[in-house]
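This report refers to the structure that appears directly beneath it.
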Ligand SMILES: NC(=O)c1ccc[n+]([C@@H]2O[C@H](COP(=O)([O-])OP(=O)(O)OC[C@H]3O[C@@H](n4cnc5c(N)ncnc54)[C@H](O)[C@@H]3O)[C@@H](O)[C@H]2O)c1
């Protein structure tokens, strides 16, 4: 099919399928668009919930790689498609799960919402800021559940952190340091490329390249663009939208923050110039003026051992860190010591200073160990994987018609930070948010 007419058709695709409101004890019928790495995992998770709890069943799958389409259709004993419209237009599909590469998220999700379906769309919510807004607004207008797949808000540990913050455990929140560092072929998205696949191959090897490109600019078949799409601006926003978006979803959830007023970021490609269009190293300062704290984000694909990945939430009276599935609370040990400065004072003044009992209590070294003794507390992640909880919450939202923990607005704002990071890198300047219009301020 000619790609331009395909896109035109996509935009015009609004077949009138009546929304099907599932009855309280009815199974929710799911259609999957994109059953690759993440979509395949989600389909298994949704299907397991369906089998154990009778909540749902997979009734349609769609993928533009024939092998994946066929295997998923066989596994779930359902119809497989290569055109997402055939899934979103099916009257018996209640909810659509979108796990394609990022540049397709908005098109599929918008079509599904407009057909009255509830939508679970993978992170990042979308490929551009404009799309995020449209998705959020369409979710609200159609009154469908729109849940974004960043699962940080469904982690028990992050819930614990939210509780501790609300109780004032760390005092005034000042800053959050958050990082995602990698140093491996897999981590840098140079994954295995299946041989002999592509638009000219037959049978299982066939990939519908025009349908992959969809809303993206025309490009000749290039296996790396298909298999490692995160390395290319046309289909991904690189580290910011793939990794920072997780960090920001969690930070917004834990801190109860919305969208930053200012982001200033730098990005460069230090080692992967020949293979990656997107930068391999990013640093960003994210300022929450209304909430009165800031976030420092960093990520590189070139070194992982020293820059611990995770979060450090730093308050005036304590800190919370997340490392390797553990949450650690540490109180601040405020050790005061003016000895070095008062030693330069005239002797009578220095003596008078040390004679003050309050100074002795606060500053004599023998009092320090006592102050240091409180080593804080730590918690491990217990219970099911946070994605499994996240998926269960999607069903809960569908049944109760209450917005999900990671709804359109939350997805929009988490994606906004990632897009602001990339925009700041491209503009080589700070970028600011227009709170009145809920959009990025123009350059
Ligand atoms: N929440 C998480 O922790 C998490 C983890 C991994 C990936 N993801 C997200 O999931 C999405 C997919 O990532 P992945 O790693 O699974 O990629 P992938 O390449 O393994 O899978 C994408 C699949 O989508 C298919 N596809 C492409 N265009 C399509 C179209 N127009 N219609 C139907 N199918 C199409 C591809 O053929 C492929 O099978 C990305 O947006 C990624 O950010 C989220």
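A few comments on the model shown:
- Checked against (1) within 14 Å of the ligand (Cβ to nearest atom); (2) surrounded by fewer than 24 Cβ atoms within 10 Å (Cβ to Cβ); (3) without any contact (Cβ under 8 Å) to a residue 60 or more places away in the chain, residue 83 passes all but a single condition, namely (3).
- Filter result (in contact with a helix residue (DSSP H, G or I) (Cβ under 8 Å, 6 or more places away or on another chain) and modelled with pLDDT of 95 or more) within region 302-314: 313
- Matching entry among 167, 192 (being surrounded by fewer than 16 Cβ atoms within 10 Å (Cβ to Cβ), touching a helix residue (DSSP H, G or I) at 6+ places or on another chain (Cβ under 8 Å) and on the phi < 0 side of the Ramachandran plot): 192
- Restricted to region 336-430, the set of helices (runs of 4 or more DSSP H) holding at least 3 residues that are in contact (Cβ under 8 Å) with a residue 24 or more places away in the chain comprises 368-372, 386-400, 408-427.
- When region 137-153 is limited to residues that are within 22 Å of residue 243 (Cβ to Cβ) and more than 11 Å from the ligand (Cβ to nearest atom), the one that is surrounded by the fewest Cβ atoms within 10 Å (Cβ to Cβ) turns out to be 153.
- Of the residues making up region 110-136, those that are free of Cβ contacts under 8 Å to residues at least 40 places away in the same chain, out of contact with any strand residue (DSSP E or B) (no Cβ under 7 Å at 6 or more places or on another chain) and either more than 17 Å from residue 100 (Cα to Cα) or outside any helix (DSSP H, G or I) (or both) number 2.
- Every test in (1) within 16 Å of the ligand (Cβ to nearest atom); (2) under 21 Å from residue 393 (Cβ atoms); (3) part of a strand (DSSP E or B) is passed by residue 57 save one, and that test is (1).
- Residue in region 225-241 that is surrounded by fewer than 17 Cβ atoms within 10 Å (Cβ to Cβ), free of Cβ contacts under 8 Å to residues at least 40 places away in the same chain, more than 20 Å from the chain's Cα centre (by Cα) and farther than 20 Å from residue 121 by Cα present: no
- Take the conditions (1) more than 14 Å from the ligand (Cβ to nearest atom); (2) touching a helix residue (DSSP H, G or I) at 6+ places or on another chain (Cβ under 9 Å); (3) at pLDDT 95 or above; residue 39 misses just one of them, which is (1).
- When residues in region 144-159 are screened for being more than 17 Å from the chain's Cα centre (by Cα) and modelled with pLDDT under 95, 0 of them pass.
The values are calculated or read from the model by the stated rules, or taken from the named source; none is laboratory data. It should be emphasised that the depicted structure is a prediction, and the values quoted were computed from it without experimental measurement. Note that we place each Cβ from the backbone using ideal geometry, even for glycine, and neighbour counts take in every protein chain shown.
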